[in-house]
Amino acid sequence: MRPAFKEALRELVAREETPFYAYDQAVIERQAKRLKDAFPEVRFFYAIKANPNPAILALLRERGFGAETVSLGEALKAYQSGFLPAEVVLNGPVKPPGWLKKLKAEGVPTLVLDSEADARRVAEYLPGAEVLIRVNPALAVHTHPHLATGKGESQFGVPPAALERVLEVARAGGLKVRGLHLHLGSSLNSPEDFATGWGLLAELLREFGPFAVADLGGGFGLGLKPQALRPLVRPFFDLVEEVWMEPGRFLVAEAGVLVARAWGVKETKRRYLLLDAGMTLFIRPMLYGVDPMVQPLYESPETGVFDLVGPACESTDVLKRDARLPVPKEGDALAILEAGAYGASMASRYLQTPPPKEFLFDGTNWQRVDG
Ligand code: PLP
C-alpha cells in the first residue's frame, strides 16, 4: 500500500462504516503504464471480470483499453460504460441464443468461439460477425489448479486437432474469422509458461493462417515483469497484423483493499479475530486458497496471532489463518491487501449480503463509486 493511500484510508475509515472496498487510482494508472510501456504495439482489452466497477472501466477506457467480457451482462456493462462493440471481446464456453439475440440488438462484439457448437450458434444468430477461435493448448501451467484454464482437461478452447473443423464451420456459416485466441490461466508468474503457450499459438497461426489477429489472453501474475515477455511478443508481428492481450488482475489487484473492522477476539481450540467481512465479500481465500496479506489501520503495543473469520455461519468463512497482528480494540479496522481483482466482482448475495460499498482515491479525494 502506498503511504499516501494508507493515510487517506485511515481518514476514510474514521468516517465510514465497514466493510468496504477502496481503490487507489494511481496504482491502476501505474500498472496500465507498465503494460503499455512493455508492449506499445499491442491492443489491450481489460478483462472486466477482475473488477467491473464503472469508475475503473472509465479510467481504463480513457487510457485506450478495450473490454474483455465473458457474459451478456458484462458485454452490456461495457457498452453502458462507453465501450463500442468494436472495442469489446466476448469470451466464454457457452453463449446461449438469448445472449446472441440481445447482442444483435445492442451491438455485436468480437466473439471468441470455443467449440463447434458455439461456432454454429454464433453463425446462426449473428451472421457476418467477427470472431476469433480459442485454442486449448493442453498445457499445465504453474498456478492454482482452478486458475489453470489452458490445461488439456479444461473445458475451454478447441483442441488443435479440432481446429480445422471449427474453422470450416465458422467460415461456412459466414463468420469472419479474424484470428486465434489463447488464455493459459491466471496468476502466472513464470515467463516460461508464456513462452511455451505462445509458442504453440504461433505454430497454429502458421499452420492454419494467414490470420489478422493473435489474442494472447491475460493471466499476468503480480510478480511478473511485463518487460520479460517483450521478446516473446515480437515474433507475432511477422504472423499477424494485430496482437491483442486481455489483462485483468495485473491492472487492478494491487490497487484495491477490503477494509473490515474487528469486533472481538474469541477462543475455541483456536484464537479467532471476528471481522465484519468474510466469504460473501471476498471469496478468494476459500475458492483458490489465497492467503491474503493484511495491514492493520490501528496501533497497539501488544501482538497476537489470530485466525481472521467473517460473520457467516460457515466453517469455511476463514480469511486467513495464523495472522500476526497488533491486538485490536473492538472497532479497529484492518485492510486486506491485493483485493482489487476478483474481490468485489465475486461478492455474493449469500446471507442477503448487500453489494459492497466501493471508494476510489484519486490522490486527493475519495469518491463513492459502487458498481
Ligand atoms: N481472458 C480470459 C479468456 C480469461 O478467462 C481471463 C480470466 O479468467 C482473463 C483474460 C483475465 O485473466 P487475469 O485476470 O489473470 O489477467
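Every number in this text was worked out from the coordinates using simple rules, so none of it is lab data. Everything quoted here is computed from the prediction, not taken from an experiment. With ideal geometry, Cβ positions are generated from the backbone for all residues, glycine too; neighbour counts draw on all protein chains shown.
The alpha-carbon of residue 104 sits under 17 angstrom from the alpha-carbons of these aspartates and glutamates, leaving out residues fewer than 8 places away in its chain: 74, 87, 118, 124, 130.
Using the crude model of +1 on Lys and Arg Cβ and -1 on Asp and Glu Cβ, and no other charge, please compute the dipole size for the stretch 201-314 relative to its Cα centre, in debye to 20.
Numbers: 11 positive and 15 negative charges, 83 e Å.
Using Cβ point charges on Lys, Arg, Asp and Glu, the stretch 201-314 gives about 400 debye.
Using a Gaussian network model of the chain in which every pair of alpha carbons under 10 angstrom is joined by a spring, one finds that among 278, 73, 82 the greatest mean-square fluctuation is at 73. Cβ crowding within 10 Å ranks 18, 110, 364 as 364, 18, 110, fewest other Cβ atoms first.
For a straight C-alpha distance cut-off of 13 angstrom, the aspartates and glutamates reachable from residue 36 (same-chain residues fewer than eight places away being disregarded) are 246. Classify the stretch 25-249: rounded, prolate or oblate, from the alpha-carbon gyration tensor (a ≥ b ≥ c, eigenvalue square roots; a/c under 1.5 rounded; otherwise prolate if a/b is larger than b/c)? Oblate. Distance between the pseudo-spin-label points of residue 190 and residue 2 (7 Å out from Cα toward the beta carbon): 3.4 nm. Given 77/225; 320/357; 266/329; 266/357; 49/101, which pairs have Cα atoms separated by over 20 Å? Check vs 20 Å cut-off fails for 77/225; 320/357; 266/357; 49/101. The angle between the Cα long axis of helix 25-38 and the longest principal axis of the Cα atoms of the chain comes to about 30 degrees, rounded to the nearest 10.
Once the Cα atoms are used to define both axes, helix 163-172 deviates from the longest principal axis of the chain by about 70 degrees. Using the average count of surrounding beta-carbon atoms within 10 Å as a protection proxy, the listed peptides 33-46, 247-260 rank, highest first, as 247-260, 33-46.
A Gaussian network model of the chain, with springs between Cα atoms under 10 Å, assigns the largest mean-square fluctuation among 197, 209, 218 to 209. Of the residues 75, 123, 162, which exhibits the maximal mean-square fluctuation in a Gaussian network model of the chain defined by a 10 Å Cα contact cut-off? Result: 162 has the largest fluctuation of those listed. 3J(HN,Hα) along the stretch 47-60, derived from phi through the Karplus expression 6.51 cos²θ - 1.76 cosθ + 1.60 where θ = phi - 60°, amounts to 6, 6, 4, 4, 6, x, 4, x, 5, 6, 4, 5, 4, 6 Hz, with x in place of Gly and Pro.
Once the Cα atoms are used to define both axes, helix 191-208 deviates from the longest principal axis of the chain by about 20 degrees. The distance separating the Cα centre of the stretch 162-180 from that of the stretch 236-257 comes to 25 Å.
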